[in-house]
1. Please list, ordered by first then second residue, the pairs with beta carbon atoms under 6 Å, 6 or more apart or interchain, first in the stretch 252-274 and of a type in the set (S, T, N, Q), second assigned to a helix (DSSP H, G or I).
2. Could you go through the stretch 137-158 and let me know if any residue there is over 21 Å from Asp209 (Cβ atoms), touching a Pro at 6+ places or on another chain (Cβ under 6 Å) and surrounded by fewer than 19 Cβ atoms within 10 Å (Cβ to Cβ).
3. Would you call Leu429 modelled with pLDDT of 95 or more, crowded, with 24+ Cβ neighbours inside 10 Å and at negative phi?
4. Filter the stretch 536-567 down to the residues that are crowded, with 24+ Cβ neighbours inside 10 Å and of a type in the set (Gly, Ala, Ser), then identify the one that is farthest from Val352 (Cα to Cα).
5. Please verify whether the stretch 115-135 includes one or more residues that are part of a loop (DSSP other than H, G, I, E, B), at pLDDT below 95 and among the basic types (Lys, Arg).
6. Output the residue which, of all residues in the stretch 255-280 that are assigned to a loop (DSSP other than H, G, I, E, B) and small (Gly, Ala, Ser), is surrounded by the fewest Cβ atoms within 10 Å (Cβ to Cβ).
Amino acid sequence: MRPSKYVRHLRWLTVFFSIALVAAACGSSSSGGGGGNAGTGEKKGGSVVFAAEQWPECLSPITSCANASWLPWTAWEHVMPRLMQTDPKGNFGASDLLVEAPTEQNGGIKPSPFTITYKLRPEAIWDDGSPITSEDVKFTWDAIMKTTGTIGTTGYDQINSIDTSDPKTAVIKFKQPYSDWQDLFGGNNANGVVLKKAAFSGKVNLKSDMQTSYGFSGGPWKLKSYSQQQIVLVRNDKYWVKDKIPNLDQVTFVPRTDQSTEMNSLLTGEALAAYPQPSRGITQQLKAPGLKYSSGAGSSYEGLWINMDKFPLNDITGRQAFAYAMDRQGVIDAIYKADFPDLKVLNCAGWVPTVSDWCNDNEFADISYQPDKVKSLLEGAGWAKGGDGIYAKGGKRFSIEFNTTAGNKIREDTQALLKEKAKAAGIELVIKNVPPTQLFEDKLPKRDFTLAEYAQVASPDPSVTAILAADQVPSAANGNSGQNFLGWKNAQATALMKESDKTIEHAKRRDLLLQVSKLERQDIPWVPMFQKPLILAWHDDRLAGPIGDYAATSYSGFFNMYDWSLK
């Protein structure tokens, strides 16, 4: 999905990995009523199989591995502790690791110098019985800052020091106020974890670590094994929150990366739950006997993302023409409307309408499918149509390689429609799709693309610095660190992002971010598509629990599977 807002991308992914969690724009529906069926024939024990639509190539939560949103969904968010997290409605709050969320009232937030104090629960332990301490928090910061190829350091680079004199208190002093502090070591951040210091024998450069295993757990589950065939999680009986020790003995995720195979796995009962991306007719398929589903408009937003250094999109006229050749409304009407009748074109930059008030949903409203506008822009800049109907200039055709995640039927349908409409406007789209892991963990970080469709994630208290600031462009020189795959280097926008990051007052920060969105519209480093519908489907005849509560979140519908059980 995202190089995790979660994509969230899955932040990612994004990628991913972030989290709205108000079932709004796409509504909320299920085949037999609302999500959740706690108390109906629950029992302890048992093993289940769930289908994963994408598959992580490696497990590290702090390197480019974390660009794949299915990494946290299948592995680390169930195993790793975090500081702050969000609830199903998108509100930040204390995770299980904390006594309480820091506030000014309880002394957890001090304005000058800007300091956040986290009180760790005395009973919080790793799965070997050793305590989770402030030294683990400090080590995580060191690892994120010093690991070669870290996914990103935004926000962590604003930390001046972490006082660990009290093992159960982490006092984080910042260089200056940092508004998105909730996303550090938790929240919706791609690397929002706390690592176990003792697991790494004094190393802090973890570029080669956590590729296929963790060796420790501070969550409800332990990672038993990882391969290209399955990810196996087992209950962590040492988890300190007793009512969150899983009911199930074991959860096995299996790769079902072709959606038809994924749906068949669910419909036949091989897999008891799946988190499929929306596809044409999916709501009808999920009305099968024994199944239930929960859907809603979460914080993920789909976009057409541009490499601003690649011809012909390295020129503002080219990007403008491209934008007017994209029939966004046509995609919704032809592909999504039947299943998600309330879905609308997204016209704000980097946010979604249901997450606080960051979104001005008029920013891109002037961009619609206008072939005449394409003609005016290109011919005014010296382009001319060739005999094949495609514009050309200086011997080069207006031809764009278009990537997305291979096997994703609805994105492939989107590409086909956009290709047809773009051709009618004189622009050629050449579709060349790749496996999700190749897109998110290789092509995007190396900026080996011209145009890509994927999803990002909007945080409840957003910072877009990591994905849009000029100093976050990955390159060989910085070890491909950073998530500004677009190569957008607008100095004014970067300054506004940096200023917004240190602006605590909401209205002022919102004004700064809206100025950023205006510059996004001006430069067009990407074109927003829509707020992405999110779906969790499960066998209601075999699974019990509060299932569906997290369906429309960046944590995925599997987040609270510690509370699920077999009937």
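1. Gln259/Lys409
2. No, the stretch 137-158 contains no residue that is over 21 Å from Asp209 (Cβ atoms), touching a Pro at 6+ places or on another chain (Cβ under 6 Å) and surrounded by fewer than 19 Cβ atoms within 10 Å (Cβ to Cβ).
3. Values: modelled with pLDDT of 95 or more: yes; crowded, with 24+ Cβ neighbours inside 10 Å: no; at negative phi: yes.
Answer is no for this residue.
4. Gly545
5. Looking through the stretch 115-135, none of the residues is part of a loop (DSSP other than H, G, I, E, B), at pLDDT below 95 and among the basic types (Lys, Arg).
6. Result: Gly269.
Residue by residue, here is whether (1) assigned to a loop (DSSP other than H, G, I, E, B); (2) at pLDDT 95 or above; (3) in contact with a strand residue (DSSP E or B) (Cβ under 6 Å, 6 or more places away or on another chain) holds:
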{"position": "Ala323", "(1), (2), (3)": "no, yes, yes"}
{"position": "Asp333", "(1), (2), (3)": "no, yes, no"}
{"position": "Asp342", "(1), (2), (3)": "yes, no, no"}
{"position": "Asp357", "(1), (2), (3)": "yes, no, no"}
{"position": "Asn362", "(1), (2), (3)": "yes, no, no"}
{"position": "Val374", "(1), (2), (3)": "no, yes, no"}
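Each row is one residue, and each column tells you yes or no for (1) surrounded by fewer than 23 Cβ atoms within 10 Å (Cβ to Cβ); (2) under 24 Å from Pro289 (Cα atoms).
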residue	(1), (2)
Ser475	yes, no
Ala491	yes, no
Met497	no, no
Val516	no, no
Leu534	no, yes
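The values are calculated or read from the model by the stated rules, or taken from the named source; none is laboratory data. This structure is a prediction, so every number in the text was calculated from the model and none was measured. Using ideal geometry, Cβ is built from the backbone for each residue, glycine included, and neighbour counts are taken over all protein chains shown.
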